[in-house]
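A.B. asks: Attaching a single structure in structure tokens format; questions to follow.
The values are calculated or read from the model by the stated rules, or taken from the named source; none is laboratory data. Fair warning: this is a prediction, and the values are worked out from it, not measured in the lab. Cβ placement follows ideal geometry from the backbone for every residue including glycine, while neighbour counts extend to all protein chains displayed.
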Amino acid sequence: MIERSKILLEVKDLVKKFRYGLFGFEFKALDKVNLKLGEEPSICTLAGESGSGKSTLAKVILRVYKPEEGIVLYRGKNIYELKKSEVKWFRKEVQAIFQDPFASFNPMRKIYSYFQETAKSLADIKEEAEINKVVDDVLAEVGLRISDIKEKYPHELSGGELQRVAIARALLTKPRLMIADEPVSMLDASFRVSVLNIFKQVKEEYNISFLYITHDLATSYYISDYIAILYRGTILERGPIDEVLKRPLHPYTKMLLESLPTLDLRKREYYMHPIRLSQIEEKEFLATGCKFVSRCPYAEEKCKLQAPPDKIVNNSIVRCWLYHK
Ligand SMILES: Nc1ncnc2c1ncn2[C@@H]1O[C@H](COP(=O)(O)OP(=O)(O)OP(=O)(O)O)[C@@H](O)[C@H]1O
Ligand code: SF4
Ligand SMILES: [Mg+2]
């Protein structure tokens with residue numbers, strides 16, 4: 001995303017393959033994905049249609065899936081070659097927030113027990129009084145008090161409250177990076193802004209960076225510093241959010257923005273309209289050339305045959321042959 005000497009996260013030429021269908025046909029759910037987050041706390045949106053590979057990339061960065069090609073460096077370390085002690089360090093530093101807060105908590109377990117467990121196992125806090133103190137601090141950060149959750153089970157809170165609890169719990173380990181996969185898409189509109197505001201606030205106060213995954217450009221514009229546009233497993237354009245949304249380079253980004261007639265780039269609060277999604281076209285995942293070729297008005301023969309490499313244009317990086325002329 002940005003060129004700095006110190007890099008928090010660097011994803012280089014990542015390829016993740018899956019098999020699908022009766023005959024186990026192989027396709028690249030991620031195809032030479034590159035992404036960089038600097039040390040300075042920032043919020044980077046990973047935007048893309050359903051099935052574009054957003055969650056797959058999140059899972060690779062969280063060490064759930066091992067990629068077939070490429071590497072992920074977290075603070076300079078290859079996350080798939082960590083020593084045992086470094087795995088614990090990585091789990092403390094990189095936390096995840098998922099789409100459905102109710103799925104993240106066992107309905108039979110009191111919420112507070114999750115805080116106790118995380119405090120003991122990852123934050124190395126053993127004393128009950130100290131746990132109470134730090135839990136109170138992190139809950140205050142998300143607008144809750146310990147008495148709001150102490151005796152409660154997950155179903156006794158609203159989705160918005162439970163998502164705030166999930167963020168508070170993640171804060172316990174003092175992470176440097178949070179991977180938030182569609183964290184507000186299941187919440188009522190009234191709760192969305194409050195959760196997104198918490199991201200902005202903890203970015204500043206706790207120096208935490210976010211990879212904010214969404215198919216909603218509206219919310220991404222509201223909170224992000226950077227954006228990467230994923231399409232059929234390929235990042236087609238990435239750069240500062242204002243640059244990409246105000247002066248899009250890639251034909252796909254332009255098309256996305258044209259489908260948002262109400263987008264007013266002067267008023268961030270109004271960007272709460274989701275982008276329209278199209279159906280996944282498997283043949284685009286399998287394309288050897290540009291993944292966007294079948295929908296691109298500028299497509300040439302070369303686009304079908306060869307995938308364009310990344311090219312720096314202004315402050316963005318774009319993957320399109322139009323910028324190699
Ligand atoms: N474990 C898996 N095995 C096989 N195929 C998978 C697996 N996980 C994801 N896929 C496929 O990889 C592609 C990318 O899926 P992914 O879940 O990463 O998309 P996404 O962008 O997160 O979509 P959504 O917005 O719907 O959450 C899809 O075609 C999906 O069907
Ligand atoms: S590489 Fe070719 S097909 Fe792909 S977006 Fe650019 S012009 Fe269109
Ligand atoms: Mg997903």
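A.B. asks: When residues of the stretch 21-46 are filtered for being within 16 Å of ligand 1 (Cβ to nearest atom), hydrophobic (A, V, I, L, M, F, W, C) and modelled with pLDDT of 95 or more, how many remain?
C.D. replies: Number of matching residues: 5.
A.B. asks: Which of the residues spanning the stretch 290-308 are within 21 Å of ARG238 (Cα to Cα) and either within 16 Å of ligand 3 (Cβ to nearest atom) or surrounded by 13 or more Cβ atoms within 10 Å (Cβ to Cβ) (or both)?
C.D. replies: CYS290, LYS291, PHE292, VAL293, ARG295, CYS296, ALA299, CYS303, ALA307, PRO308
A.B. asks: Also, quick follow-up: Every residue in the stretch 81-128 that is of a type in the set (S, T, N, Q) and within 15 Å of ARG169 (Cα to Cα), please.
C.D. replies: Hits for the stretch 81-128 are GLN95, SER104, ASN106, SER113, GLN116, THR118, SER121.
A.B. asks: Here's a follow-up. Restricting attention to the stretch 66-84, report how many residues are of a type outside the set (A, V, I, L, M, F, W, C) and surrounded by 19 or more Cβ atoms within 10 Å (Cβ to Cβ).
C.D. replies: Going through the stretch 66-84 one residue at a time, the tally reaches 2.
A.B. asks: Give the stretch 41-56 a look and list any residue that's under 16 Å from LEU257 (Cβ atoms) and within 16 Å of ligand 2 (Cβ to nearest atom), or say none.
C.D. replies: Across the stretch 41-56, the qualifying residues are GLY48, GLU49.
A.B. asks: Go through the stretch 46-111 and tell me which helices (runs of 4 or more DSSP H), entirely inside it, have 2 or more residues that are among the acidic types (Asp, Glu).
C.D. replies: 84-93
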